[in-house]
Amino acid sequence: MRKQGKAIAMISGGLDSTLALALVRRQGIEVKAVNFYTGFCITETQRRKGGRADGSVPRNEALRAAADLEVDIEYVDISGAEYLDMLVHPKYGYGANANPCVDCRVFMMRKAKEIMEAEGADFVFTGEVLGQRPKSQRRDTLRIIERDSGLDGRLLRPLSAKLLPPTLPELEGIVDRELLEAVSGRSRHRQMELAKELGVVDWPQPAGGCCYLTDESFAKKFFDVLDSREAAGEERRIVPEDVVLLSTGRHFRLSPRAKLVVGRSEVENALLEHHVPGRARLEAKDVLGPIALVEGEPTWEERMLAARIVARYGKGKDASRVAVEWREGELVETYEVEPERDEARVEALRI
Amino acid sequence: MPAPVRTLDTSGRLCPFPIVETAKAVRVLDEGAVLLVISTDAGIATDMPMWCKATRNEHLGTFRDGASWKSFVRKRAR
């Protein structure tokens, strides 16, 4: 008879992690699921902004997967300074964009190890598939993640287990290796079959990441913050408020010391209102237009330029002059400006 | 709805924090006790029933009340 075990599942709610969960559950192993909150989840941000363009509110897939399989789930907030510092100084570098996937996995697995120990569990498992992602799911990087997280031998990838060396829970008889899988690569053919076999009927479509760090336009804004801080003689760093603002509005780099963020919708305008302290707030007077924020120390010319861009994105864009209110703490000024008409110049400033 | 022994107001907190706070509150509740969670995040309407199913607590109902939502959760008996 097999030994009764307990495991910690790292789940996103995508098909792979849902299948991994089902594979371990069917062996009668007690499972506690964890989902890590990084602050970079696109779906979560969409929910915060009132749902998708078609009005639907995306589900929380990790919760949905745990609910379908009746597995206890805990959210772990890792979005603090330690995580942000890792993003700025990744030991294993970035993927195609601002995504340090290997370091991020190591970071999460370390937390999972702490949870495993606190819960008295035997191992941690994930939905990782060998060869599915170019950087973080190669044989060598899967090994690095296991080693650097301190989970040596206690990190199981049920979907690819038969292609990887046996883990301790397999050797100790807690997990039956024969009931695990040998999936590799990007094709999801075997996963579809497995979903049928395991009775998994609900998973998010389309498949793929939900992380802003893998998004090209987000990455530009992310590195812009680091580069401009460095150019202004400051430390390369990201703070939690940056993360919210990076996914909100159009961003214009006025100089290393000044950036303009212009709201694109009513929801974004409302979100920007929460970040006024410490920044200048711009809004056209007398005509409808977006809320905008300027952060840093703009020169007089940059203030005028920011006001012209704000005027350009409002209903007064064809007027000869627009009054733009500049509010900065106690200071309230009104600038009469011509809306910026040089589209090439506006685009050149776009981050 | 049965009278809650505690009301947790998560107004202004966004997904997934209403659920994170609910989990903390339920942990220290007596078995069978009812918790009322108030949230301004529309996601609570789908999240709370799913969280209850996953954690085997009883979801008694989630109702819209103006700009917020009220969720009633009964802690499971072990």
Ranked list, fewest to most other Cβ atoms within 10 Å of each Cβ, for B:1, A:86: B:1, A:86
Please report the antiparallel percentage of the DSSP beta bridges confined to the stretch B:6-74, to the nearest 5. 75
With all pairs of different alpha carbon atoms counted, what Kirkwood hydrodynamic radius in Å does the protein assembly as shown show? 23.9
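Under unit Cβ charges (Lys, Arg +1; Asp, Glu -1), what dipole magnitude, rounded to 20 debye, does the stretch A:77-153 have relative to its Cα centre?
480
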On average over all directions, what projected area in square nanometres does the stretch B:6-74 have, based on the convex hull of its Cα atoms? 3.9
Cα Rg over Rh - the stretch A:16-131, Kirkwood: 0.98
Report the local net charge at residue A:34: Lys and Arg +1, Asp and Glu -1, summed over other residues whose C-beta lies under 12 Å from its C-beta. -2
For residue A:272, what is the net charge nearby, where nearby means another residue's Cβ is under 14 Å from its Cβ and Lys, Arg count +1, Asp, Glu -1? +1
In degrees rounded to 10, the 0-90 angle between helix B:44-55 Cα long axis and the longest Cα principal axis of chain B is 20
Quick one: give the max-minus-min coordinate of the C-alpha atoms of the stretch A:261-351 along each principal axis, largest first, in Å. 30, 29, 28
Enumerate by residue number the trypsin sites (Lys or Arg not before Pro) in the stretch A:199-273 meeting two conditions: DSSP loop (anything except H, G, I, E, B), and at most 16 other Cβ atoms within 10 Å of the site's Cβ. A:236, A:237, A:264
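Local charge sum around residue A:79 (other residues, Cβ-Cβ under 14 Å, Lys/Arg +1, Asp/Glu -1)?
-3
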The helix A:139-148 Cα axis meets the longest alpha-carbon principal axis of chain A at an angle in degrees, between 0 and 90 and rounded to 10, of 90
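I'd like to compare A:286-294, A:342-350: which one has the highest average count of other Cβ atoms within 10 Å, and what's the full order after that?
Ranking, from highest mean packing down: A:286-294, A:342-350.
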State which entries of A:220/A:285; A:135/A:259; A:91/A:162; A:32/A:135; A:49/A:259; A:111/A:259 exceed 26 angstrom in Cα-Cα distance in the structure shown. A:220/A:285; A:135/A:259; A:91/A:162; A:32/A:135; A:111/A:259
Can you tell me the orientation of helix B:17-27 relative to chain B, as the angle in degrees between its alpha-carbon axis and the longest Cα principal axis, to the nearest 10? 20
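Among DSSP bridges having both ends in chain A, what percentage is antiparallel? Round to the nearest 5. Before the final figure, lay out each step's value.
Values: 26 of 43 bridges.
That works out to approximately 60 percent antiparallel.
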Which residue fluctuates most in the GNM of chain A (Cα springs below 10 Å): A:308, A:157, A:26? A:26
Kirkwood Rh for the stretch A:194-324 from C-alpha pairs, in Å, is 16.7
Placing unit charges on C-beta atoms (Lys and Arg positive, Asp and Glu negative, everything else neutral), compute the dipole magnitude of the stretch A:122-246 about its Cα centre in debye, rounded to 20. 480
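Computed from the coordinates by the stated procedures, all read-outs in this text should not be read as laboratory data. These figures come from a predicted structure and were not determined experimentally. Cβ: placed from backbone, ideal geometry, glycine included. Neighbour counts: every protein chain shown.
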